[in-house]
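The values are calculated or read from the model by the stated rules, or taken from the named source; none is laboratory data. Owing to the predicted nature of the structure, the values given are computational and were not obtained by experimental measurement. Cβ atoms come from the backbone with ideal geometry, glycine included; neighbour counts cover every protein chain shown.
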Amino acid sequence: MDINILTVFILAIFVGFEIITKVPPTLHTPLMSGSNAISGIAIVGAIISTKISGEVGSYLGLIAVIFATINVIGGFMVTDRMLKMFKRK
Amino acid sequence: MINFSSIAYVLASVLFILGIKKLSHPKTARDGNFIAAFGMLIAIVATLISYGQIDFKLIIIGMIIGAIIGATFAIKVEMTQMPQMVAIFNGFGGGASALVAAAEFLNSSTITTFTMSTIIISIFIGTLTLTGSFIAFGKLQGFISGQPIVFPGQQVLNAILAIALLVAGFFVVETSGEMNFFFVVLAISAILGVTLTIPIGGADMPVVISLLNSYSGIAAAATGFVLMNNGLIISGALVGASGLILTNIMCKGMNRSLANVIFGAVGLEQESSGSGTEKQISIKSYSTEEAAMIFDAAEKVIVVPGYGLAVAQAQHAVREVAEFLEKKGKTVLYAIHPVAGRMPGHMNVLLAEANIPYDQLKDLEEVNPEFEDCDVALVLGANDVVNPAARHDTSSPIYGMPILDVDKSRTVIINKRTMNTGFAGIQNELFGFDNSIMVFGDAKDMLQQLLKDLKEL
């Protein structure tokens, strides 16, 4: 296995901890829906998986694309809808 | 290997990080969300361009269906239903990751031991997230009882399932992909998602949703290891970290360990111990008219919203009352307990929806000293988060939980529908305090009546 890829993973977790602890409690719900949208990055994997030959695999890929797109589109849109509402006095 | 798509994934990851960074303030948060969305667009376009032989027709069909469903959810969902929505989205995220891993498993003829192990991990976490999230969704939406569902031997069953999963997973790797073992892994992961989520009660949902959020990220990262894709690994790690931090904040907000939340089945109606600890408390019940007079004499009011406010959809009504009081020169603040509502930050979003400025919303540490010189604390559909037993009663299930010090206010006005106990299933001694007054009724109706009475004074 490639050690670089593990390095990337661990460093990314540290970066995540650093930036996310700075998000105030007021924005925790948008943080969740927004990070939800980011976990829709599985869409990249879903797209790639449709290339693998084999019928069953491509149908799984199709469902994966649907699921991930729901996550991405729904996640970013609803986060924006919420953040629009936060106003100062 | 440096190619176009890997550079695009680095760029996308940077944009995700910058986007989350901008979430550190409400003023910049919206830009942050745009930046993250732009990062996602780059990742998707780069993937579509740089991978040959992908099935464009299938992808476009999938994206259109997904976009319609996602957009419909995003536009239609009520702010009170946000926890359900996030729960179900977590499930889709986990499901997508598991499906990608499954496709990789089914279609690759030669898989290294390392990749096979990551496929198993990805299938396990992804499937568990999918079924667990659907249970959480069902509980929040009311399809399934919000009460913890427990049965004898539940923990033993979970332990047996976990061991069986490990064994089956080991054999999948050992046999280089024997189908039957693979299906066993899939089935057990799905069952574990259900059995681990059903014993968790409604008010513990903030923890569960945060945890499932984290899992959906870890599943994406595991899939990243399967595909050796940095974009998935970095984004998955960010989301995994985010979910873990929120899980930790929620557990601290209840002074409970994660293990206790997952296995404790707290909130189950407990048999009275009969040791005489069940004190009868005498309460004072006031009408909204009488309450209005108290508000009229007050200078500083702190509103404490709870899940009851969300259920009653009373966020707009509370804003109207608060605006009226402010016009009369009174100060109004909102005290937000970390676990108020059904997900982290739930109350903040609800109050923001009602156009309440976010600088009036104070979190626990910030607001507690404010109760000292507060004239009226108005508790709306919150119970356990204001129960003083958390301070002194070592036998109480909520002992040690940080609470809002409403009892330090001159008067506490508590609105509840009935005298039913809160989620923890315990009577709240606060209701019997000398400075406590109960006003019964639905939060929205009560507030609207209160506003009318205030205007008539």
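Here are a few things to note about the model shown:
- Within segment B:24-48, tally of residues that are free of Cβ contacts under 8 Å to residues at least 40 places away in the same chain, crowded, with 21+ Cβ neighbours inside 10 Å and among the hydroxyl-bearing types (Ser, Thr, Tyr): 0
- In the set A:79, A:7, A:50, only one residue is without any contact (Cβ under 8 Å) to a residue 60 or more places away in the chain and more than 7 Å from chain B (Cβ to nearest Cβ); that residue is A:7.
- The residues in segment B:343-400 that are surrounded by 16 or more Cβ atoms within 10 Å (Cβ to Cβ), in a loop (DSSP other than H, G, I, E, B) and of a type in the set (Ser, Thr, Tyr) can be counted, and the count is 1.
- The set of residues in segment B:220-251 being of a type in the set (Val, Ile, Thr) and more than 7 Å from every other protein chain (Cβ to nearest Cβ) consists of B:226, B:247, B:249.
- If you filter segment B:12-23 down to residues that are assigned to a helix (DSSP H, G or I) and without any contact (Cβ under 8 Å) to a residue 40 or more places away in the chain, you find that the one that is nearest to the other protein chains (Cβ to nearest Cβ) is B:21.
- Residues in segment B:296-311 that are crowded, with 23+ Cβ neighbours inside 10 Å and closer than 16 Å to residue B:418 by Cβ: B:306, B:307, B:309.
Conditions tested, residue by residue: (1) more than 22 Å from the chain's Cα centre (by Cα); (2) modelled with pLDDT of 95 or more; (3) assigned to a helix (DSSP H, G or I); (4) not assigned by TED's automatic domain parsing to the domain that holds residue B:293.
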residue	(1), (2), (3), (4)
B:321	yes, yes, yes, no
B:324	yes, yes, yes, no
B:335	no, yes, no, no
B:341	no, no, no, no
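- Take the conditions (1) at the interface with chain B (Cβ under 7 Å from one of its Cβ atoms); (2) of a type in the set (Phe, Trp, Tyr); (3) within 17 Å of residue B:16 (Cα to Cα); residue A:14 misses just one of them, which is (1).
- Here the helices (runs of 4 or more DSSP H) wholly within chain A that include at least 1 residues being within 11 Å of the chain's Cα centre (by Cα) are A:28-39, A:42-49, A:55-69, A:75-85.
- When the test is whether a residue is among the hydroxyl-bearing types (Ser, Thr, Tyr) and free of Cβ contacts under 8 Å to residues at least 40 places away in the same chain, residue B:331 passes it.
- Residues that are more than 7 Å from chain A (Cβ to nearest Cβ) and among the small types (Gly, Ala, Ser) within segment B:338-363 comprise B:340, B:341, B:354, listed in sequence order.
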